[in-house]
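The next block holds one structure in the form of structure tokens; read it before the comments.
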Amino acid sequence: MSTISTHIPMRGLHSAQALRESCADVNADKARIGMRKDGTLVLYTGRSYLLHPDQTRRASEFLRQLDPQQAESGSRRFRLVDLITSLNTVSNGRRAQPQADEPAAASRTRRLRFADETAPVAEKRPVQSAPRAEADGAGKGFSAAGSRGRVQQAGDMVVKSFKAMDKGAVAHELAMCNSHLKASQRALPEARMQGDTLAMPFIAGSTPTTEEVKGAVGELFRLGFMMGDPSSANFVKTEGGKVVPVDFGLMFKTGERGAVCRSVMSEIVHDYVKGGYRFVPEPLKGDYLAAMREFDQVLGKDSPARNVNVKKLQMAGWFNKTR
């Protein structure tokens, strides 16, 4: 039995292409899918009876919400290819049909590889750091729900509500959003608090690829920022082709690490070692690792890195030498 943990938020998925790139080394026809409590995708290979029932149940419920036409098969039978096919269905507006006399398995593989190219492309829905996009009716705009709360478009802003209010973390996100707007010289309204909610500028766009996210992480670094949870779900590609961040909760200034509150610091380390490192360009990994180790030392025994197994830390480059 092999478990492959990813840093991919299932409810933030909007692009089958981005998912395929993130799981390029995984056999999509064989890998079964699960969903952790934090909403991230986990993949299993091996014997089905060893799968965690709660994780497979969550994945099954999510998959059927994404694509109601999914066959009512047992949750442990759903595989990565089913998730990719459902994303293609939602993106393209119709289900890819097998060719006559085509075996079912071959049809699934064909859809995995070619659905994006063979199906007519419907108008793309706006993406704004969405755990799960929904159509809330005419006039209400974009809406999404996630593990920490909900975001709702309100005109040119996105209003973010929280299940549990961490004032330090919310203040950090507000400050990072406005600092990045200023540094990038983008003509957008500033983020602001509205009671217990956070209002930030809405940015429409499509889901970027892994390589595009790496390029955007490099641009952030040139502007003086780093990010603990870079992923395709936390950036959008605008109509002009620019890839920009839309989630600022785990962003921080490279020269002001000491100003990061402990709760945010802990989440930064957690998300980085769990998969954020995959979206950091190679030339910057030494700088990122130095920052993560600094946070780890400040957190001490409370650091999430202390609860991660050695193999995963090695994958994140935790033991590599830094400059």
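The values are calculated or read from the model by the stated rules, or taken from the named source; none is laboratory data. Computed from a predicted structure; not experimentally measured. In this analysis, Cβ positions are derived from the backbone assuming ideal geometry, glycine residues included, and neighbour counts consider all displayed protein chains. Side chains are part of the model used for accessible areas, which takes the heavy atoms of the whole protein and leaves out ligands, DNA and RNA. Shrake-Rupley method; radii C 1.70, N 1.55, O 1.52, S 1.80 Å.
Out of curiosity, is Thr56 crowded, with 22+ Cβ neighbours inside 10 Å, over 21 Å from Ala233 (Cβ atoms) and either at pLDDT below 75 or of a type outside the set (Asp, Glu) (or both)? For Thr56, the condition - crowded, with 22+ Cβ neighbours inside 10 Å, over 21 Å from Ala233 (Cβ atoms) and either at pLDDT below 75 or of a type outside the set (Asp, Glu) (or both) - is met.
When you scan region 174-196, do you find a residue that is under 22 Å from Gly39 (Cα atoms) and either part of a helix (DSSP H, G or I) or open to solvent by less than 50 Å² (accessible area, probe 1.4 Å) (or both), even just one?
Step one: of region 174-196, the residues under 22 Å from Gly39 (Cα atoms) are none.
For region 174-196, residues under 22 Å from Gly39 (Cα atoms) and either part of a helix (DSSP H, G or I) or open to solvent by less than 50 Å² (accessible area, probe 1.4 Å) (or both): absent.
When the residues of region 151-173 are filtered to those that are open to solvent by 30 Å² or more (accessible area, probe 1.4 Å) and in a helix (DSSP H, G or I), which remaining residue is farthest from Glu256 (Cα to Cα)? Quick ask: steps written out before the conclusion?
From region 151-173, those open to solvent by 30 Å² or more (accessible area, probe 1.4 Å) are 152-156, 159-168, 171; that's our starting set.
Add one more test, that the residue is in a helix (DSSP H, G or I), and what stays is 167-168, 171.
Values: Lys167: 19, Gly168: 16, Ala171: 15 Å.
Ranking the candidates gives Lys167 first.
Listed by first and then second residue, the pairs linking a residue in region 253-275 that is in a loop (DSSP other than H, G, I, E, B) to a residue that is surrounded by fewer than 19 Cβ atoms within 10 Å (Cβ to Cβ), with Cβ atoms under 6 Å apart and 6 or more places separating them unless they lie on different chains, are Thr254/Gly224; Cys261/Gly168. If the condition is being surrounded by 24 or more Cβ atoms within 10 Å (Cβ to Cβ) and in contact with a Leu (Cβ under 9 Å, 6 or more places away or on another chain), then region 218-233 contributes Met227, Gly228, Pro230, Ser232, Ala233. Take Ala305 and decide whether it is at pLDDT below 95, closer than 25 Å to Gly149 by Cβ and in a helix (DSSP H, G or I). It is false that Ala305 is at pLDDT below 95, closer than 25 Å to Gly149 by Cβ and in a helix (DSSP H, G or I).
Restricting attention to region 247-260, the residues that are farther than 24 Å from Ile203 by Cα and either of a type in the set (Lys, Arg) or open to solvent by less than 40 Å² (accessible area, probe 1.4 Å) (or both) add up to 2.
Could you tell me whether any residue of region 212-235 is in a helix (DSSP H, G or I) and in contact with a Gly (Cβ under 7 Å, 6 or more places away or on another chain)? Reasoning before the result, please.
So in region 212-235, the residues in a helix (DSSP H, G or I) come out as 212-222, 232-234.
So of that shortlist, the ones also in contact with a Gly (Cβ under 7 Å, 6 or more places away or on another chain) come out as 233.
Yes, region 212-235 has at least one match.
Residue under question is Lys274, and the condition is that it be under 16 Å from His172 (Cβ atoms) and open to solvent by 30 Å² or more (accessible area, probe 1.4 Å); does it hold? Give the derivation first.
Details: under 16 Å from His172 (Cβ atoms): no; open to solvent by 30 Å² or more (accessible area, probe 1.4 Å): yes.
So Lys274 does not fit the description; no.
Taken over region 279-305, the criterion of being in contact with a helix residue (DSSP H, G or I) (Cβ under 8 Å, 6 or more places away or on another chain) and more than 19 Å from Ser231 (Cα to Cα) is satisfied by Glu294, Phe295, Asp296, Val298, Leu299, Asp302, Ser303, Pro304, Ala305.
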